[in-house]
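Asker: I'd like to ask some things about the structure below.
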Amino acid sequence: QTSSDSSEFMLTMLSAIAQEESANTSKRVKFGKKLNAEKGKVPNFIYGYDKINGDYFNLIINEKEAEVVQRIFYLYTVKKFGTSRIAKVLNQEGYKTKRNCNWSQNAITRILSNEIYIGHVINGKEEVVDFLTGERQARDEEKWMIVERPEFQIIDKEVFKKASRLLKQRKKSFLNSGKRESDKYIFSKLIRCNNCGSTFRRLVRKNKNSTITWVCSGRNSKGADTCPN
């Protein structure tokens, strides 16, 4: 019994020491990240830029990708294309994301909402609240660390603001009505694709005369490779 008690005591002590060391390591890492954030540490992998090896604070604009970013903002703010439609256009023309994937609605939305394209490097949007589990939570916007880097700017600030307003308006419209644009017609969400299970969506094709068609939303937003229908 004495030996068992001693073993349990040692395990308890070692566990406490290990936990304290983890807490101290977490504090050191958090401090280092804070310093890097204040200096304006840039993302490792972001469309429109190339990373300089070994340099945490600089990017090089990738001119070809920057043109695609500018086109995305143009289609969204001037042509009034939705994010799914923009993704479809890029996929049809053979463009790939930074990770060589097809474009999606979410990928387009991330482009439209990323302030690095107007020269703002933002860090500290989230923080670790439990160093043992790694659980993170969002921080209040006034606690974000924003560093101005005009040499990174690809998009005019007024164009970016317009895109942000449109994103908020469409999100608010969806929250208020509970419906997306494609939900307002009688057959919306009632027809499903037999191949991929996606709902069908209504499209209006404007040539000499307007033609209304119903298409698989999976194929329409993600590209023909995702669904043969």
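Asker: Specify which of the listed residues (I122, I86, I111) is of a type outside the set (S, T, N, Q), in contact with a strand residue (DSSP E or B) (Cβ under 9 Å, 6 or more places away or on another chain) and not in a loop (DSSP other than H, G, I, E, B).
Answerer: The match here is I122.
Asker: Given the condition modelled with pLDDT of 90 or more, open to solvent by less than 40 Å² (accessible area, probe 1.4 Å) and on the phi > 0 side of the Ramachandran plot, answer yes or no: does some residue in segment 108-122 qualify?
Answerer: Within segment 108-122, one or more residues are modelled with pLDDT of 90 or more, open to solvent by less than 40 Å² (accessible area, probe 1.4 Å) and on the phi > 0 side of the Ramachandran plot.
Asker: Looking at segment 7-30, I want the residues that are open to solvent by 70 Å² or more (accessible area, probe 1.4 Å) and have a partner that is acidic (D, E) and modelled with pLDDT under 60 with Cβ atoms under 9 Å, at least 6 apart or on another chain. Which pairs are those?
Answerer: From residues that are open to solvent by 70 Å² or more (accessible area, probe 1.4 Å), the pairs are K30/E127.
Asker: While we're on this one: For the subset of segment 71-103 comprising residues that are in contact with a Gly (Cβ under 9 Å, 6 or more places away or on another chain) and not aliphatic (A, V, I, L, M), which member is surrounded by the fewest Cβ atoms within 10 Å (Cβ to Cβ)?
Answerer: The extreme case among them is Q92.
Asker: Does G40 satisfy being at pLDDT below 70, on the phi > 0 side of the Ramachandran plot and not acidic (D, E)? Spell out the reasoning first.
Answerer: Details: at pLDDT below 70: yes; on the phi > 0 side of the Ramachandran plot: yes; not acidic (D, E): yes.
Taking the combined requirement at face value, the residue satisfies it.
Asker: Please state which one of D156, D225 is among the charged types (D, E, K, R) and modelled with pLDDT under 75.
Answerer: Working: D156 fails: modelled with pLDDT under 75.
The conditions single out D225.
The values are calculated or read from the model by the stated rules, or taken from the named source; none is laboratory data. None of these values were measured; they are calculated from a predicted model. Every residue, glycine among them, receives a Cβ derived from its backbone with ideal geometry; neighbour counts consider all protein chains shown. Areas reflect the complete protein model, heavy atoms only, side chains present, ligands, DNA and RNA absent. Shrake-Rupley method; radii C 1.70, N 1.55, O 1.52, S 1.80 Å.
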